[in-house]
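Have a look at the structure below, then the notes.
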Amino acid sequence: QVQVVESGGGLVQSGGSLRLSCASARSDFSGVAMGWYRQAPGKQRELVADITSGGSTNYADSVKGRFTISRDNAKNTVYLQMNSLKPADTAVYYCAAGYHIGATIIPFGFWGQGTQVTVSS
């Protein structure tokens, strides 16, 4: 069962912007936390940003000031606005629902296909 569908990736030059979208099929979307993750070739998947059900946000140090996560509960969608993109941001980006233990988001483990972001230098 597909729970999330990511879209919006593409090829962009360094310094450019992209907006990723993640549509969720969860009926309880407004009550769960959502996270954006990325996985570059040969590297482990890492958390990029997360947002609580109440709208509080958290970012990886590498994207602070450049990326913005937001959610639209009426559309069951979470977004990731990415500005000032760098070649190091090249990865497949995934979203997942989860819950927080303290400040740490724990994904439920249902992943979509992801969307490829490639930043050229």
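The values are calculated or read from the model by the stated rules, or taken from the named source; none is laboratory data. Predicted model only: the values in this text are computed from it and were never measured. Reconstructed Cβ throughout: ideal geometry from the backbone, glycine too, with neighbour counts over all protein chains shown. The accessibility values were calculated without ligands, DNA or RNA, using every heavy atom of the protein model including side chains. Shrake-Rupley method; radii C 1.70, N 1.55, O 1.52, S 1.80 Å.
Structure values in brief
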read-out: Options L85, L80: the member that is touching a residue at least 40 places away in the same chain (Cβ under 8 Å) and not in a strand (DSSP E or B); value: L85
read-out: Pair list, Cβ under 6 Å, 6 or more apart: segment 105-120 residue farther than 25 Å from S84 by Cα and in a loop (DSSP other than H, G, I, E, B), other residue open to solvent by less than 50 Å² (accessible area, probe 1.4 Å) and not aliphatic (A, V, I, L, M); value: F108/G98; F110/Q3; W111/Y94; G112/E6
read-out: Subset tally (residues that are loosely packed, with under 13 Cβ neighbours inside 10 Å and either over 17 Å from G16 (Cβ atoms) or aliphatic (A, V, I, L, M) (or both)) for segment 74-105; value: 7
read-out: Residue satisfying condition, being modelled with pLDDT of 95 or more, surrounded by 13 or more Cβ atoms within 10 Å (Cβ to Cβ), among the small types (G, A, S) and in a loop (DSSP other than H, G, I, E, B), within set G65, G16; value: G16
read-out: Unique match (being touching a residue at least 60 places away in the same chain (Cβ under 8 Å) and surrounded by fewer than 16 Cβ atoms within 10 Å (Cβ to Cβ)) among G31, G55, G10; value: G10
read-out: In segment 72-114, the residues that are at pLDDT 95 or above, more than 11 Å from W36 (Cα to Cα) and in contact with a Gly (Cβ under 7 Å, 6 or more places away or on another chain); value: S84, L85
